Amino acid sequence: MPRYFFDINDHDLSHRDDEGSEWPSRDAARAHALRILADIARDEARRQDRLNLFVTIRDQGRSVLAVASLAVACAWLD
């Protein structure tokens, strides 16, 4: 099974995945990256009005395969 590495970045947080994890396909790795974004957004959105999150997916050779991103913002209009 292929091993993928998921690096996490935002303005305050940067985590390089040096262990990786095995996923049966690129689609499964993509779904995992999106779950990571959702989990971080759920936790961090309570503390911040604006989030810009990125998960970089790398392969075993450490080449970047994809970047998943999520932007969350809330601004009062009054």
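Note on the range 40-55: residues that are in a helix (DSSP H, G or I) and open to solvent by less than 70 Å² (accessible area, probe 1.4 Å) total 3. When the range 56-73 is limited to residues that are touching a Leu at 6+ places or on another chain (Cβ under 6 Å) and β-branched (Val, Ile, Thr), the one that is least open to solvent (accessible area, probe 1.4 Å) turns out to be Ile57.
List pairs: first residue in the range 11-26 and among the charged types (D, E, K, R), second residue exposed (fewer than 10 other Cβ atoms within 10 Å of the Cβ) and modelled with pLDDT under 95 anywhere in the structure, Cβ distance under 9 angstrom, at least six positions apart or on different chains. Close Cβ pairs (under 9 Å, with a partner that is exposed (fewer than 10 other Cβ atoms within 10 Å of the Cβ) and modelled with pLDDT under 95) amount to Glu22/Met1. Scanning the range 1-19 for residues that are under 13 Å from the mean Cα position of the chain (by Cα) and open to solvent by less than 100 Å² (accessible area, probe 1.4 Å) gives Tyr4, Phe5, Phe6, Asp7, Ile8, Asn9, Asp10, Leu13, Ser14, His15, Asp17. The conditions of being open to solvent by less than 70 Å² (accessible area, probe 1.4 Å) and in a strand (DSSP E or B) are not met by Leu37. State the number of residues belonging to the range 35-53 that are in contact with a Leu (Cβ under 8 Å, 6 or more places away or on another chain) and within 17 Å of Phe5 (Cβ to Cβ). So the count comes out to 3.
The values are calculated or read from the model by the stated rules, or taken from the named source; none is laboratory data. Predicted, not measured: the structure shown is a model, and the values here were computed from it. In this analysis, Cβ positions are derived from the backbone assuming ideal geometry, glycine residues included, and neighbour counts consider all displayed protein chains. Ligands, DNA and RNA are stripped out before the accessible areas are found, and what is left, the full protein with its side chains, is counted by its heavy atoms. Shrake-Rupley method; radii C 1.70, N 1.55, O 1.52, S 1.80 Å.
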